[in-house]
Amino acid sequence: MAITIQRLVPGDEPILHQLAIDSAHFEQPGHGAPLQPLEPDAAQRYLANPAVLHWVAMDDITVVGSLYCTVIPCNAEEEYEVLLYEIGVHHQWRRHGVGRMLLVAMEEWMQQHAVSTVWVLADNPAAAEFYRACGFVVEAEQPVYMTRTLNGEAT
């Protein structure tokens with residue numbers, strides 16, 4: 001069947017829900033477990049957020065790939081950049097061009113909106129190789145990725 005790419009918009013909450021349930025199929029073997037879907041109101045806010053760009057690759061009614069990125073406003077040089085947060089292809093559909101099709105959709109959006117820079121944190125060798133094959137380059141200086149989770153500390 002032909003793969004189609006569509007951007008998720010308000011009303012696509014059922015697709016987002018199913019994507020969370022099926023998320024383990026989009027991970028590297030041995031990694032990940034199904035994610036907890038967003039509550040309906042949170043899913044609506046996510047899909048209505050103009051900074052959220054989320055595309056899915058569909059084989060008829062089945063999601064076979066997903067790309068989620070976010071638009072980041074900049075305070076100098078460029079007005080906006082895109083952070084490619086997550087891309088995944090169902091393990092049965094890898095090496096069929098689905099990931100590249102999703103990247104093309106993102107790049108077309110970037111061209112239409114005069115955004116020239118996208119960056120990604122590649123977290124495994126296979127991902128890094130995929131990004132290199134798609135034209136991404138490794139920056140000379142690598143930042144350290146750090147997180148902090150607030151547990152009831154928000155005021």
(request) Sort all Cα-Cα distances of the range 3-133 into consecutive 5 angstrom bins from zero, then give the percent of pairs in each bin up to the one containing the longest distance. (result) 2, 10, 19, 23, 22, 15, 7, 2, 0
(message) Only counting other Cβ atoms within 10 Å, I'd like Ile3, Ile21 sorted with the fewest neighbours first.
(response) Ile21, Ile3
(request) Measure off 7 Å from each Cα along the Cα-to-Cβ vector at Ile72 and Ala126, then give the distance between these two points in nanometres to one decimal. (result) 2.6 nm
(request) Tally the DSSP beta bridges in the chain and give the antiparallel ones as a percent, rounded to 5. (result) 90 percent
(message) If I model a spin label at Arg45 and Val144 as a point 7 Å from the Cα along the Cα→Cβ vector, what separation in nanometres do I get?
(response) 3.2 nm
(message) Counting only helical runs of four or more DSSP H residues, what would the 222 nm mean residue ellipticity of the chain come to if each run contributes -39,500 (n - 2.57) and the total is spread over all its residues?
(response) -8000 deg cm²/dmol
(request) List the relative contact order of the chain as a percent without decimals, with contacts defined as Cα pairs under 8 Å and 6+ residues apart. (result) 19 percent
(message) Take the chain, mark every one of the trypsin sites (Lys or Arg not before Pro) that falls in a DSSP loop and has at most 13 other Cβ within 10 Å, then report the longest stretch left between them, sites excluded.
(response) 1-94
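No value in this document is a laboratory result; all are computed from the given coordinates. A quick note: this is a predicted structure, and the numbers were derived from the prediction, not measured. Cβ sites come from the backbone with ideal geometry, for glycine too, and all protein chains shown count toward neighbours.
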